[in-house]
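Worksheet: one structure, shown below.
The values are calculated or read from the model by the stated rules, or taken from the named source; none is laboratory data. All values derive from a computational prediction rather than experimental measurement. Glycine also receives a Cβ, built like all others from the backbone with ideal geometry; neighbour counts cover every protein chain displayed. All accessible areas refer to the heavy atoms of the entire protein, side chains included, with ligands and DNA or RNA removed. Shrake-Rupley method; radii C 1.70, N 1.55, O 1.52, S 1.80 Å.
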Amino acid sequence: MINPSLSHSTTESEEASTVLRINGHDHRIAADARTTVLDALREQTGLTGTKKGCDHGQCGACTVHLDGTPVLACLTLAVSVRGREITTIEGLAGEDGTLHPMQQAFIDHDAFQCGYCTPGQIMSAVACVKEGQAGSCAEIQEFMSGNLCRCAAYPNIVAAIVEAREAMRR
Amino acid sequence: MDKPLANLGTVFTSIGQDHPRSDGRRKVMGAATYTAEWQIPGLTYGAVVDSAIARGTVRAIDASAALAAPGVLAVVTHENAPRLHALPSHGAGQQITGEGGLGEERQPLQDGTIHYGAQSVAVVVADTPEQARYAATLVRVTYDSQPPELDWHSARRQKSPKMFAGTDLLQQSADDARAAIAEAPVRLERKYDSSINHHNPMEMLATIAQWDQRNGEEFLTLHDTTRAVSLLRDVCATSFGLPSANVRVVSHFLGGAFGSKSWTFFNPLLVALAARVVNRPLKIEWRRQQMFSVAGHRPPTQQTLSLGASRDGRIAGLVHESHTHSSPVSGYIEPVARMTSMMYDIPNIGFSNRVSHLNLPSPCVMRGPGMVPGGWLLECMLDELASELAIDPIELRLRNYAEKNPATGQPFFNKRLRECYARGRELFGWDSRPSVPGARRVGNHFIGQGMASSTHPALQMGSSAQATIFADGSARVRSATHEIGNGAYTALGQIAADGFALSLDRVHIELGDTNFPTAIPAMGSMTTSSVGPAVLSAARCALAALKELAIRDAESPLFGAAFFAVDAREGRLFLRGQPSVGEEYSAILRRAGRTEIVADSTSPAGKEIKQPEMYSFGAVFAEVRVDEATGVVRVARLCGVYDVGRLINPRTAHSQLMGGMIFALGATLMEESLYDPQSGLPVIRNLADYHIPSCADTPQIHVEALNVPDPNIGELGAHGVGEMGCNGVPAAITNAIFNATGKRMRRLPITPDQLLAN
């Protein structure tokens, strides 16, 4: 049951390409209409910092910012975000490698173990502070409950957000 | 090196420090490369077709529509997949196949037999992931189905294997214990049930398989989500009939495992088979839904515990019986008596373990195997006995405190559980706990407190490492063990730093590649205790070789010095007592025209270094709030005090213990996988239905470790901490619920409906 040609001519829809603006740079991707932002990032741009934890919107590992607002990259079709500004974990640190205060706080508070959910946690955590949802630990816990961490670094994640909240105000 | 390597003058300076994770920067920047993220030229993508029945055979697979779909390269099934040799019976010192073995015997696509629901029956390979996923929906599979066997008690194949993994006894005569119970003035017999738990690491199973021909020989390279590269290399070599040297397995970072990703060989073998058919590099990422059928799970248990005690609480006899289930193609059995057999000073202990083979997916180890469900029952029964006799639960445990392991009669070495009880009691505020259940209320909530003991074997197995000092004064250690979130890059880095007498930032650790010296899987809470000594020894050997180089070099200020008179500190060798006489590592190597100096070392296995009765111990305390109206249990506080030997890195150890406690909170209150009782197909297939603890479920947590080096486990004195945090928590919470409500909850997870019905 092997296809003898081992290669098909692609259909019109699959030939279509689109440009995604990611972390301030344009990336041309072959946009199958079914391609999610998550698969576009991981399979076509080499930006694998955004993680696939469930691929159907339940774990938060693929959280990116779309025009500054957190979205789940696995539930967002690539062709639907043309012209929008996508920010991934790779776009958070400064050009000179200086970490975002949230990234630094995650290191300082040991807010991860395996590190797989971490990019999504950090993208949500930045949004948590920016949206003014980090007023108390209880508020942070509520906001951050869409990002699952099986290593259960949760108490350290909350501590990191509390610290970064102050740094982000400065 | 022939020189004796003890007392090289290396002082522990990095070990024991609270260093931030060495891989922290990579992880927060998204720059740590996990398995599915390797960029491989010419990569193809696979999507797996699952069986729609739980028992029977595949009658036919019609792949024509899938093959006609855009981008599809092949549909691989049992009809066109290459044949494999059987799995090895043992690996990494453990039994893999047969009753009591850890692995699934079935290999992928070797025949059309369906053993359980959602079993992988075909792989569609295409140019893009979207094409593969779509075409997989076009594969038409017809079956000759049979009614699945799903009943524990009527199952035709029921076994009582002697050993778990070839290492732990599963059956012990209960005759003496039953006689002792019959004569005891206080007798209790209770049944406790636990449910199926899935590991659900955030990173799903993934493999990239690549075949190459070189000099007429075949080579297989796997990037795989395995925490056992050496073991998987051996399994692949055996299965494909290749020399071990022709298989390379790489796994630099794992997105969690928790017991999965080691003994399930099916997934990497499947990808390797399909890659061979298309003769292109192939990646398959399993989907979250499929993690409930191919990734292993902790099997459910039906347990009975009988005990007889004196009125002052001394337990005279105890019988622990367990029934669990496995698949038709796995011998895995949950070893529930691991804690019962050794924890208390009970003169007569019997236990039995039975397994029914059902048409359900294959179970495997999960964080705290045996200890979590079996320890839960044991520690709940201690609480039942305590309340029956009106004795404080800690006092009851002290009355049955074991100085010797009742299983062997040998004394425990360095046991400090009394200190854990005492410290936990103080930290938690145990003495203000009302001993009468239901005595404390705040609004609609009953407040209760409970405690339990925790234990885990402090194991050690042989492993190897290679150490290199470079001419720029930096150093590197390589070993085929793993970073799974355990902090291995950091802890092993600290150990290496002390071995090299360098600061941590000058040491580079490389793990997870079969090109590196063989090491154990990241299993059994023993990476640090097993690989750590090899790393320390290898680094010291490299340093010793450097000293030899210096003292034989007429141009070195250390020329002619006695070997043991040369000390090392922060990248510099010097004469003891005359620190000004010496030179940098880099100067020695450069003058010798060497780019590096390399040394290998292998640490002995625990048994070879005369392993005494080595266990970690701990005391766990929980406070719960139970809503009277809804039956919802919220854990308000968890407190754990542990004796796990020396902490190589207190920060990462604390995180691991804390994470283990929350992990076990999930098993206690929310985690349960269900299979349809008629079809045998998985009903729970996602993280919205399989609840794991979220940020909002997290209680206030206080973790302390005694941090006393255990000389019995070698110079490092460190036990593992991966599983200790888990063990004990389910019983502490269950006992706290009794203290809150007066209800004995004897089934996990303890859900609101059960609390209201009880």
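Name the residues in region B:179-224 that are under 21 Å from B:PRO268 (Cα atoms), aromatic (Phe, Trp, Tyr) and touching a residue at least 60 places away in the same chain (Cβ under 8 Å), would you?
Result: B:TRP211, single match.
What number goes with the only condition from (1) in a strand (DSSP E or B); (2) within 30 Å of B:TYR45 (Cβ to Cβ) that B:LYS191 does not pass?
Just one mismatch for B:LYS191, condition (2).
Restricting to region B:637-675, what's the tally of residues that are of a type in the set (Ser, Thr, Tyr) and either in a helix (DSSP H, G or I) or out of contact with any helix residue (DSSP H, G or I) (no Cβ under 7 Å at 6 or more places or on another chain) (or both)? Steps first, please.
Within region B:637-675, the subset of a type in the set (Ser, Thr, Tyr) is B:642, B:652, B:655, B:668, B:673, B:675.
Imposing the further condition that a residue be either in a helix (DSSP H, G or I) or out of contact with any helix residue (DSSP H, G or I) (no Cβ under 7 Å at 6 or more places or on another chain) (or both) reduces the set to B:652, B:655, B:668, B:675.
Total satisfying the criteria: 4.
List pairs: first residue in region B:743-758 and free of Cβ contacts under 8 Å to residues at least 60 places away in the same chain and within 17 Å of B:ALA731 (Cβ to Cβ), second residue open to solvent by 80 Å² or more (accessible area, probe 1.4 Å) and part of a helix (DSSP H, G or I) anywhere in the structure, Cβ distance under 9 angstrom, at least six positions apart or on different chains.
none
If you take the residues in region A:1-41 that are modelled with pLDDT of 95 or more and among the charged types (D, E, K, R), which one is least open to solvent (accessible area, probe 1.4 Å)?
A:ASP39
If a residue must be more than 9 Å from chain B (Cβ to nearest Cβ) and open to solvent by less than 10 Å² (accessible area, probe 1.4 Å), how many such residues does region A:107-119 contain?
0
Kindly establish whether A:GLY83 is more than 9 Å from chain B (Cβ to nearest Cβ) and on the phi < 0 side of the Ramachandran plot.
Values: more than 9 Å from chain B (Cβ to nearest Cβ): yes; on the phi < 0 side of the Ramachandran plot: no.
No: the conditions fail for A:GLY83.
Which residue is nearest to B:ARG646 (Cα to Cα), if the candidates are limited to region B:677-703 and must be open to solvent by 50 Å² or more (accessible area, probe 1.4 Å) and not in a loop (DSSP other than H, G, I, E, B)?
Going through the qualifying residues, I end up with B:HIS702.
With in contact with a His (Cβ under 8 Å, 6 or more places away or on another chain), within 12 Å of chain B (Cβ to nearest Cβ) and either on the phi < 0 side of the Ramachandran plot or open to solvent by less than 10 Å² (accessible area, probe 1.4 Å) (or both) as the only criterion, which of A:GLN104, A:GLN58, A:GLN44 stands out?
A:GLN44
For region B:708-740, how many residues are touching a helix residue (DSSP H, G or I) at 6+ places or on another chain (Cβ under 7 Å) and among the polar types (S, T, N, Q)?
Residues that pass the stated criteria total 3.
When residues of region A:25-41 are filtered for being out of contact with any Pro (no Cβ under 7 Å at 6 or more places or on another chain) and at the interface with chain B (Cβ under 7 Å from one of its Cβ atoms), how many remain?
Residues flagged as out of contact with any Pro (no Cβ under 7 Å at 6 or more places or on another chain) and at the interface with chain B (Cβ under 7 Å from one of its Cβ atoms) within region A:25-41 amount to 3.
Which members of region B:45-63 meet the condition of being of a type in the set (S, T, N, Q) and outside any loop (DSSP other than H, G, I, E, B)?
Residue satisfying the conditions is B:THR57 alone.
Could you go through region B:377-388 and let me know if any residue there is buried (at least 24 other Cβ atoms within 10 Å of the Cβ), at pLDDT 95 or above, under 18 Å from B:ALA165 (Cα atoms) and under 23 Å from the mean Cα position of the chain (by Cα).
No, every residue in region B:377-388 fails to be buried (at least 24 other Cβ atoms within 10 Å of the Cβ), at pLDDT 95 or above, under 18 Å from B:ALA165 (Cα atoms) and under 23 Å from the mean Cα position of the chain (by Cα).
Determine which member of the set B:ASN279, B:ASN267 is open to solvent by 10 Å² or more (accessible area, probe 1.4 Å), out of contact with any His (no Cβ under 6 Å at 6 or more places or on another chain) and within 24 Å of B:ARG133 (Cβ to Cβ).
After ruling out the rest, the residue left standing is B:ASN279.
Could you count how many residues in region B:491-514 are over 11 Å from B:VAL477 (Cα atoms) and in contact with a strand residue (DSSP E or B) (Cβ under 6 Å, 6 or more places away or on another chain)?
4
Taking region A:121-161, which residues are away from every other protein chain (no Cβ under 12 Å) and open to solvent by less than 40 Å² (accessible area, probe 1.4 Å)?
Matches in region A:121-161: A:ALA127, A:VAL129, A:ALA134.
Please state which one of B:VAL581, B:VAL626 is touching a strand residue (DSSP E or B) at 6+ places or on another chain (Cβ under 9 Å), β-branched (Val, Ile, Thr) and open to solvent by less than 30 Å² (accessible area, probe 1.4 Å).
Working: B:VAL581 fails: open to solvent by less than 30 Å² (accessible area, probe 1.4 Å).
Just one listed residue meets the conditions, B:VAL626.
Identify, please: which residue in region B:704-721 is more than 23 Å from the chain's Cα centre (by Cα) and not charged (D, E, K, R) and is, among those, least open to solvent (accessible area, probe 1.4 Å)? Steps first, answer last, please.
First, the residues of region B:704-721 that are more than 23 Å from the chain's Cα centre (by Cα): B:708, B:711, B:715.
Now narrow it down to the ones that are not charged (D, E, K, R): B:708, B:711.
Numbers: B:VAL708: 41, B:PRO711: 97 Å².
Restricting to residues being more than 23 Å from the chain's Cα centre (by Cα) and not charged (D, E, K, R), the top hit is B:VAL708.
Would a scan of region B:713-736 turn up a residue that is part of a helix (DSSP H, G or I) and over 22 Å from B:SER435 (Cα atoms)? Working first, answer last.
Start the filter on region B:713-736 by keeping residues that are part of a helix (DSSP H, G or I), which leaves B:713, B:729-736.
Now narrow it down to the ones that are over 22 Å from B:SER435 (Cα atoms): B:713.
Yes, region B:713-736 has at least one match.
Here is a yes/no grid of residues against (1) within 14 Å of another protein chain (Cβ to nearest Cβ); (2) modelled with pLDDT under 95; (3) within 24 Å of the chain's Cα centre (by Cα); (4) crowded, with 19+ Cβ neighbours inside 10 Å:
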site: B:ARG440; (1), (2), (3), (4): no, no, no, no
site: B:ALA452; (1), (2), (3), (4): no, no, yes, yes
site: B:ALA465; (1), (2), (3), (4): no, no, yes, yes
site: B:THR468; (1), (2), (3), (4): no, no, no, yes
